[in-house]
1. Across region 61-106, what is the number of residues that are of a type in the set (Gly, Ala, Ser), under 13 Å from Ser35 (Cβ atoms) and either outside the structural domain of Val31 (by TED's automatic domain parsing) or open to solvent by 10 Å² or more (accessible area, probe 1.4 Å) (or both)?
2. Going through region 148-177 one residue at a time, which ones are in contact with a strand residue (DSSP E or B) (Cβ under 6 Å, 6 or more places away or on another chain), buried (at least 22 other Cβ atoms within 10 Å of the Cβ) and farther than 14 Å from Gln259 by Cα?
3. Out of Ala122, Ala174, which single residue is within 14 Å of the ligand (Cβ to nearest atom) and in the same structural domain as Leu307 (by TED's automatic domain parsing)?
4. As an exercise: evaluate Leu127 against (1) away from the ligand (no atom under 16 Å from the Cβ); (2) open to solvent by less than 10 Å² (accessible area, probe 1.4 Å) and give the number of the one condition it does not meet.
5. Looking at Val256, Val245, Val237, Val249, which one is in contact with an Asp or Glu (Cβ under 9 Å, 6 or more places away or on another chain), over 22 Å from Pro308 (Cβ atoms) and modelled with pLDDT of 95 or more?
6. For Leu182, are the conditions met, namely being crowded, with 16+ Cβ neighbours inside 10 Å, within 16 Å of the ligand (Cβ to nearest atom), touching a residue at least 60 places away in the same chain (Cβ under 8 Å) and not acidic (Asp, Glu)?
7. Before we move on, is Gly72 under 26 Å from Tyr275 (Cβ atoms) and either at pLDDT 95 or above or more than 18 Å from the chain's Cα centre (by Cα) (or both)?
8. Arg16 passes all but one of (1) surrounded by 15 or more Cβ atoms within 10 Å (Cβ to Cβ); (2) over 30 Å from Arg375 (Cα atoms); which number fails?
Amino acid sequence: MVRRIAILGSTGSIGRNALRVIEGLGEGYSVFALSANSKVELLAEQARAFGAKVVAITDASCRGRLVDLLGGLDVEILSGSESLAALAQLDEVDTVVTAIVGAAGLSAVLAAAKKGKRLAIANKEPLVVAGELLMAEAARSGSEILPVDSEHSAIFQAMQTGKRTEVAKIILTASGGPFLKLSGQEMEDVTLEQALAHPTWDMGPKVTIDSATMMNKALEIIEARWLFDVPVERIEVLIHPESIVHSLVEFVDGSVIGQLGEPDMCLPIQYALTYPDRLAGRARAPQLAEIGRLNFSKPDGEVFRALPLAYEVCRAGGTAAAVFNAANEAAVEEFLAGKIRFVNILELVEDCLNRHDVKTGVSLEELLEADAWARRQVSALTCST
Ligand code: MG
């Protein structure tokens, strides 16, 4: 059987890596559908190289150019924001890789889950913002939700060694980012350049800032809570600057099982596609004798406010995580634009959460409203400072 894959967001960094992985996997895996927002040239090139049968461009103004570029090819072209959900639900597709940053892909992800597709989730929003809805939909349809986030992939892999009921704790590792050793006071003077220099992972600016504030880990706590259905009290964060142990699971008998790998997204992408099988691919095993030592320590929740906030957000449930995520996105944008200082990011997020009346038992529309509300709040609070 050939696995037919759709990639939502094929021109971004995860999407490009997913295509490299699929190329390396050979015959059993084929690309059926691809989507991009506006990078038509790259999308057309990918569609040709991988023989995609359907492509979607969400920025409808790029359609004409895409039609020209794909002239003579037997490929269906979809366009507009609705095209993502259409792509994700195609009967021929069995696996959907979701790699669209932001809220744009949420309804497509839910539609794919409703159809019972395997979902390889590479962006945080489906689980952070709509985790409750997504997991409920997947439970109804039998859709498999496979994490591509390296920590959650590690936890998912470790989970294969025991039963869910035997899990005592989930331990998420964190590199700690560039400011691990700074005090709260020193954090006050952090510049944009310093925040953009990450020690182990090579990522885009938003994720790099999230790693410096440890918001990235805070969002991963929320992801893990939904993905593995554990009370948030049983999720811990462990600082591990080398980023080799990608996360661990502690079982009731005291065994701790972790997954080790090089800091490279290709392996978690591949595992989400090949699970339950393991195939030879591009990833190289870490050379432990060369690495020599691995360090672990507890994070400081006083300095990294995002962490204790994530626990509060999980306990509040409902719209809280949507506000947490959107307020952070908006605050990071303000920081990248030079309008606020590094420490203001979490102050704004916390301020937004405090002003928000959490609603529970909500629909996707209500989650998106909460998201939009948080962005307006950040903008208003930024202007007033
Ligand atoms: Mg991660």
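1. The total comes to 7.
2. Selection gives Gly176 alone.
3. Among Ala122, Ala174, only Ala174 is within 14 Å of the ligand (Cβ to nearest atom) and in the same structural domain as Leu307 (by TED's automatic domain parsing).
4. For Leu127, the failing item is (1).
5. Val256
6. Judged against the criteria, Leu182 is not a match.
7. No; evaluated as a whole, the condition is false for this residue.
8. Looking at each condition in turn, Arg16 falls short on (2).
The values are calculated or read from the model by the stated rules, or taken from the named source; none is laboratory data. As the structure is a prediction and not an experimental result, all values here were calculated from the model. Every residue, glycine as well, gets a Cβ built from its backbone with ideal geometry; the counts of neighbours run over all protein chains shown. Just so you know, the surface numbers come from the protein's heavy atoms only, side chains and all, with ligands and any DNA or RNA stripped out. Shrake-Rupley method; radii C 1.70, N 1.55, O 1.52, S 1.80 Å.
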